[in-house]
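Engineer: Can you read through this structure? Questions will come right after.
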Amino acid sequence: MVRGVKATHWLLAYFAAVVAVTFIHAPWLLVALLVVALAMSGRGRWKIARRAVLAGLTFNLAVSLGYAAVAQWQGSFSARYLMLVNLRVLLLLFLGFWFVARVNLLEACRFSPTLGFVVTLAAGQIGAFARLLRDFRLAFASRNAAAPALQDRARHAAAQAVQLLDKSVCMAAETALAMRSRGCFDDYADLPAMTPANQPAPVWRPRHGAVRTSYRKP
């Protein structure tokens, strides 16, 4: 784990690499960079590569099929462009997982209290959702002695998606209220300043023991 100033340097290097990859439009160069990243990532390279492939599989598959259908209908299909998009996404995902596996984000963001607060908040949200997904998976496995059917898996996935959506909305509302109470949001910054209305000064009279009066000091 990289810590201290080196972690900040790695964070800046990662941002620079992400920006640089978006300017590369040659598939062979993306393949070469992916091979270099695999060679430099150490013994956990295949685990990181597997996570990157699984994370981008749904997105890449949906985008690729959508592009292929529209391009075929318009007569402008380009296999080179399809390869370029998929390789770029795969390389960016690999760099992201490699960076997270090697660098402590909290240490890397120590130079900025605001950025450190955002990273801490995001890590807490990720941990909460990861625990919820694990609970769903264990509960589903404990209630199915045999392999469940595809229809049962679909119903379970739908219920899990609804629960995650409801929890995300509730957690977003609670987080916004917590941040507002700690001064992160200033909802009244653009409003004109309000001046108090002129009120007469309260009348005060000294009370003497020899003088009887019905007036009481406010």
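Engineer: So how many residues does the range 47-64 have that are among the hydrophobic types (A, V, I, L, M, F, W, C) and either surrounded by fewer than 16 Cβ atoms within 10 Å (Cβ to Cβ) or not in a helix (DSSP H, G or I) (or both)?
Structural biologist: Looking only at that region, the number is 7.
Engineer: Next up: With respect to residue 100, determine if the residue is in a helix (DSSP H, G or I), of a type in the set (A, V, I, L, M), free of Cβ contacts under 8 Å to residues at least 24 places away in the same chain and not assigned by TED's automatic domain parsing to the domain that holds residue 179.
Structural biologist: Answer is yes for this residue.
Engineer: Sticking with this one: Pairs, please: C-beta under 8 Å, at least 6 apart or cross-chain, first residue part of a helix (DSSP H, G or I) and in the range 68-82, second among the small types (Gly, Ala, Ser)?
Structural biologist: Sorted first by the residue in the range 68-82, then by its partner, the pairs are 71/78; 82/64; 82/68.
Engineer: Tell me, yes or no, whether the range 125-145 has at least one residue that is outside any helix (DSSP H, G or I), at pLDDT below 80 and loosely packed, with under 12 Cβ neighbours inside 10 Å.
Structural biologist: yes
Engineer: Please enumerate the residues belonging to the range 96-124 that are polar (S, T, N, Q) and surrounded by 15 or more Cβ atoms within 10 Å (Cβ to Cβ).
Structural biologist: 104
Engineer: Any residue that is more than 17 Å from residue 8 (Cα to Cα), part of a helix (DSSP H, G or I) and of a type outside the set (Val, Ile, Thr) - is there at least one of those in the range 107-122?
Structural biologist: There is at least one residue in the range 107-122 that is more than 17 Å from residue 8 (Cα to Cα), part of a helix (DSSP H, G or I) and of a type outside the set (Val, Ile, Thr).
Engineer: Every residue in the range 146-178 that is closer than 30 Å to residue 118 by Cα, at pLDDT 80 or above and surrounded by 11 or more Cβ atoms within 10 Å (Cβ to Cβ), please.
Structural biologist: 157, 159, 160, 163, 164
Engineer: From (1) farther than 25 Å from residue 60 by Cβ; (2) in a helix (DSSP H, G or I), pick out the condition that doesn't hold for residue 160.
Structural biologist: Looking at each condition in turn, residue 160 falls short on (1).
Engineer: Ok, one more. In the list 32, 13, 7, which residue meets the criterion of being of a type outside the set (D, E, K, R), in a helix (DSSP H, G or I) and over 26 Å from residue 110 (Cα atoms)?
Structural biologist: Exactly one of 32, 13, 7 is of a type outside the set (D, E, K, R), in a helix (DSSP H, G or I) and over 26 Å from residue 110 (Cα atoms), namely 32.
The values are calculated or read from the model by the stated rules, or taken from the named source; none is laboratory data. Predicted, not measured: the structure shown is a model, and the values here were computed from it. Cβ atoms come from the backbone with ideal geometry, glycine included; neighbour counts cover every protein chain shown.
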